[in-house]
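Everything on this sheet refers to the single structure shown next.
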């Protein structure tokens, strides 16, 4: 049943501030790709790294991306990277009440435990101002910090996304994983020297979702030995096969960069990129396939164009693809395109009739429910919740003691309101989150048959769930459902 929102005076803001969470991208120290020991080399298209033409850069980066340059200036010190970026965002007039970290720079989980602990400790300490001696201590002080860490994203590979890695990442306060997949075809993974199988991708997706993580895949159209038709079939498989079905997608069309194996293939005529216009067509067709529960985070790398020998020729590929979709008569219905802040800024449309919408699907061995508050007529998204009835393969002790459902994401869109403050013109903190949690609890109890519901929560948002009756349960916030004794 719909409920009309009260008339409000809306104030537009730049797109980057429509739902502003201070995204602080940091890079770990340069290190060799871990699968060199197994395959003898890095991925054929991969630039950067200690042995590359780009000195002092991390694996898969050139050192000239904005995040890379900030990291190099800070000598890869995690504390300085964080403080410098937060200070920069403040000077630009952005709110830094909420911070989300993205750890980039190769396979972070392949580094030694001591270095990883040092890195994570310093991220949390940079927010809280405390000097910690352990990750647990850093997390404890970060939880009480005025600047809240609402989540940590870690880039990794399927072979560094196994049970020990997942448990370690949970202890860090990580809530989202970005996993390099690149292709759904085994022969392409082999020929490009990925060093893992597609089956390993499917297995790690299930393990990650059963831990509660949000899963974002990195995919690369235009790889060697593909072609437009095979690329399209691959993305249809990616979106329709329950063994994939990620929560998010980063779409990185293949680039030819000097110093890579692909550059040598390009020089000898053994590889050729798609024509730029054909690439726009392909991306437009891929975006038309994206289901409403998936968010397309990025389209194309932010590698400076002068470093690209061949490949994407336009810096605004997403914009061109969306325009091409209009020509095709198709629409992109991903989360980002539909969120309320973006809709208001780009189209001056505002939600009128807001309803609870439910979509169920099978994903990675589990029952997924995607709950949203949206205006279906105008296709405007206000808030979302991802609920999962975990598969029997779950290994976390918190979920094995009794039947458990897990909230993998809760997000209300609109301009950020500082925590503890209320603004009647903003959607955040107006109750949509609480309503979504109540419906999730009902589904968990009545349909999943669960006795407990857990939330994978950013360290800085645990207090929100405490107000809803949740308690700390390992790295999760959990609550026994009605009629069940407390844990």
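Summary table
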{"item": "In the stretch 277-328, the residues that are in a helix (DSSP H, G or I), exposed (fewer than 15 other Cβ atoms within 10 Å of the Cβ) and at pLDDT below 95", "result": "305, 306"}
{"item": "Residue within the stretch 120-132 that is surrounded by 20 or more Cβ atoms within 10 Å (Cβ to Cβ), touching a strand residue (DSSP E or B) at 6+ places or on another chain (Cβ under 6 Å) and either assigned by TED's automatic domain parsing to the domain that holds residue 396 or part of a loop (DSSP other than H, G, I, E, B) (or both) present", "result": "no"}
{"item": "Segments classed as strands (runs of 3 or more DSSP E), wholly inside the stretch 444-484, with at least 1 members that are at pLDDT 95 or above, in contact with a strand residue (DSSP E or B) (Cβ under 6 Å, 6 or more places away or on another chain) and within 10 Å of residue 407 (Cβ to Cβ)", "result": "452-455, 476-480"}
{"item": "Verdict on residue 110 being within 21 Å of the chain's Cα centre (by Cα) and at pLDDT 95 or above", "result": "yes"}
{"item": "Subset of the stretch 329-345 (residues that are surrounded by fewer than 19 Cβ atoms within 10 Å (Cβ to Cβ) and more than 21 Å from the chain's Cα centre (by Cα))", "result": "329, 330, 331, 345"}
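Conditions (1) crowded, with 17+ Cβ neighbours inside 10 Å; (2) closer than 20 Å to residue 152 by Cβ, marked per residue:
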| position | (1), (2) |
| --- | --- |
| 444 | yes, no |
| 452 | yes, no |
| 456 | yes, yes |
| 459 | yes, yes |
| 465 | yes, yes |
| 470 | yes, yes |
| 479 | yes, no |
| 483 | no, no |
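Listed here are the residues, each with its yes/no results for (1) crowded, with 19+ Cβ neighbours inside 10 Å; (2) in the same structural domain as residue 375 (by TED's automatic domain parsing); (3) at pLDDT below 95.
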residue: 30; (1), (2), (3): yes, no, yes
residue: 42; (1), (2), (3): yes, no, yes
residue: 51; (1), (2), (3): no, no, yes
residue: 59; (1), (2), (3): yes, no, yes
residue: 82; (1), (2), (3): yes, no, no
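The values are calculated or read from the model by the stated rules, or taken from the named source; none is laboratory data. Since the structure is predicted, the reported quantities are computational estimates derived from the model, not experimental observations. Quick reminder, even Gly has a Cβ in these numbers, built from the backbone with ideal geometry, and neighbours come from all protein chains shown.
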